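Every number here is computed from the coordinates shown, using simple stated rules; none is lab data. If you're wondering where the values come from, they're calculated on a predicted model, not measured in any experiment. We place every Cβ from the backbone using ideal geometry, glycine too, and count neighbours over all the protein chains shown.
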Amino acid sequence: MSRNISLKTFAALLLTTGAMAWAEPVHIVFDAAGTEHKLAVQELKPALPADWSAYNFLVFELKAATPQRVRLSIHTADGVRSVWFQPFPGTWLRTVVPLVRLDRPEQSGVDLAAMSNKPRPLSFVHGAHAPGPLKAVQAIGLQMTDPVGDAGIEFRSIALTKDDPGDATLDGKPLVDEFGQWIGESWPGKASNLKELQAAWAEEAKAVQPGGYDYCRYGGYNSSHAKSSGFFRVEQIEGKWWFVDPDGHLFISVGSDVIQPATGTSSKNRANIFKALPPPEFSRAVARDEGRGMASFYTWNLARRYGDGWKKQWVDFTLKRMAAWGFNTVANWSDADLWAAQRTPYAIPLGGWGMEQYMGMPDVYSPDWIKQVDEAARRQCAPRNDDPWLLGYFIANEPAWPGREVLVADLILKGADTATKKALQEFLAKENTPQRKKAFMLQCFEKELAAINAAVKKYDPNHLNLGIRFGGQPEDEIVRMTRNFDVYSQNIYSDVPDRAQLEKLYALTGGRPMIIGEFHMGTPGRGMSAGLVQSKNQTERGVAYRYYVEQAVAMPAMIGTHWFQWIDEPNTGRMDGENYNIGFIDVTDRPYPEFVAAAEQTHKRLFAVHSGSEPPVTTRAAKR
């Protein structure tokens, strides 16, 4: 039995119990957007000390009613340290937050997701803000940005430990069924058996038909005309930028990232949370290393749907779905068999540049690095230089070093002897200041771009360089260095792209056309978090999609939007813990009909919206 109490009463209860373990659970309800439940810690002695520096973990026994993220803030005399955490919902857990996420800056990660996302066996921790010493802790704060429904958490203990006690389910029941669905929640259409799924699959297969988008074979607009070159290119016409497809039709890139037949989650040391695990042959596609034990319920469901030869049938039906729903681009991190089908244009990421070394910055002063770049470009670009279906290349994704230049320079100086370390030492011999360290990192970036851009063009002069898919808000001097890209790319997670910010980027790049490489809106439920931008439900998610895409494409320089991602992430987390409800498709290979219908409406309007003959929609979505 638990009881709902006010914040004031909860704090009083903590003060009188002392031991921070209660005879019955205490229920905190997040019933107002952004309201923080702040618990005074310095008055709770001896349960929790004010000085946490001798401890490594904050341990809760809790039960969350919702998969929505909670902001955990540690208020100290020197500032507030915070991190987002998301425990698995609907069951009693022991869940652990490593204090290293709060007391020091993250120092490793090739891109922003790797820097931010830190998985736990039964929760997801990410997005640390203002880390620093935990020596004068005054309070613990808990906050939910936009609570939906019964958004509450029950606690029955809070503790500090030196050793990791491990996450654990305390109810002893599985959380995920044999189809990959969350057991502890019900929703319309949730499958209870294979027969129901087979009926739904058959019904959709009959319904999927090409839509009325005026698309030619390459996804350009049949009714438009420009000079054909045999490959995709960009052109500014009457003040508006466009892609031009190989046949000379104007083209707006409407794509989705991560169109894959597998979406893996770790089963290592947590097989008890699954009612059944997929057979190993259906998970090998996502087994990125032997020790991780990845499982893909989505792949298992595809095999159930199509039987033998399921991969070929999945490719065919996925491309039919894209045509029916108005998508004309297979975007980043998608399955190569979709490209090989030569039915839908594709954009791909390039790699092999050695960016793992310094938070996304390679050892650019090494002669061996130049050879590595040349070989990576030859291997990836030369085989594709005559493919008319290739939209272009993204050369990198969300490098983590921008904004951390001084930290990265310090790590280089403390690290192994490299050519870049030697060059930095020589650069700082004249004057060792934070400003000089930042200047050196920008110098490295300039060398990086020059080498990679030249190598890509050397081995493939026919296709577009779509640039780096930047995350966050890169500083002006970084953006100015991207003027040699054919297209400037930015990942923007918000309700709508900020027009003033995009106009600034346009000016800084010298007037390059732009693509949004990632965006999404999600809905909390089915065991999954809403992701980085929340909508109240699936209908409102469709409203949010329409508003974002049409407002973006109404800008003269914007020539594409790529959604992240095609299928929901696993409810028990992908390799880095993310478990976002952001797909057009769910784990059972069924679409979200309200969301798909909204996307279809917008995709039919994009030519008119970008041309300026029709205004973009102005209705915003509800978040809660």
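Structure above, values below:
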item	result
The range 355-400 shape via C-alpha gyration tensor axes, a/c threshold 1.5	oblate
Rough spin-label spacing in nm, given labels placed 7 Å along Cα→Cβ, for Thr418 and Asp78	2.9 nm
Residues in the range 63-91 that a label on Ala40 would reach, taking backbone N under 18 Å of a point 7 Å out along Cα→Cβ	74-78
Option label - Rg/Rh (Cα atoms, Kirkwood Rh) computed here, alternatives (1) 1.00; (2) 0.97; (3) 0.95	(2)
Förster radius 25 Å - calculated FRET efficiency between Asn484 and Asn432, Cβ distance, rounded to 0.05	0.20
At R0 = 22 Å, FRET efficiency that the Cβ-Cβ distance of Ala54 and Ser157 yields, to 0.05	0.65
Considering only the chain, percent of DSSP beta bridges that pair antiparallel, nearest 5	70 percent
3J(HN,Hα) from dihedral phi, the range 471-483, Karplus parametrisation 6.51/-1.76/1.60, rounded to Hz, x for glycine, proline	x, x, 10, x, 5, 4, 5, 6, 5, 4, 6, 9, 5
Gyration tensor (alpha-carbon) shape descriptor, the range 468-577, a/c threshold 1.5	prolate
Charge tally in the Cβ shell below 11 Å around Thr618, where Lys, Arg are +1 and Asp, Glu are -1, Thr618 excluded	+1
Relative contact order [Cα under 8 Å, 6+ residues apart], the chain, whole percent	14 percent
Options Trp389, Met558, Ile585, ranked by Cα towards positive dipole end of the chain, top entry (Cβ charges)	Ile585
Net lengthening on full extension, Gln425/Ala454 (0.36 nm per residue, minus Cα-Cα)	7.7 nm
Relative contact order (%) - the range 299-382, alpha-carbon pairs under 8 angstrom, separation at least six	17 percent
Rounded to the nearest 20 debye, dipole of the range 331-445 from Cβ charges on Lys, Arg, Asp, Glu	360 debye
Under the span-like rule (Cα at least 24 Å along the axis, Kyte-Doolittle mean at least -0.5), DSSP H helices of the chain	434-459
Estimated FRET transfer efficiency when R0 is 41 angstrom, pair Asp171-Glu614 (beta carbons, to 0.05)	0.15
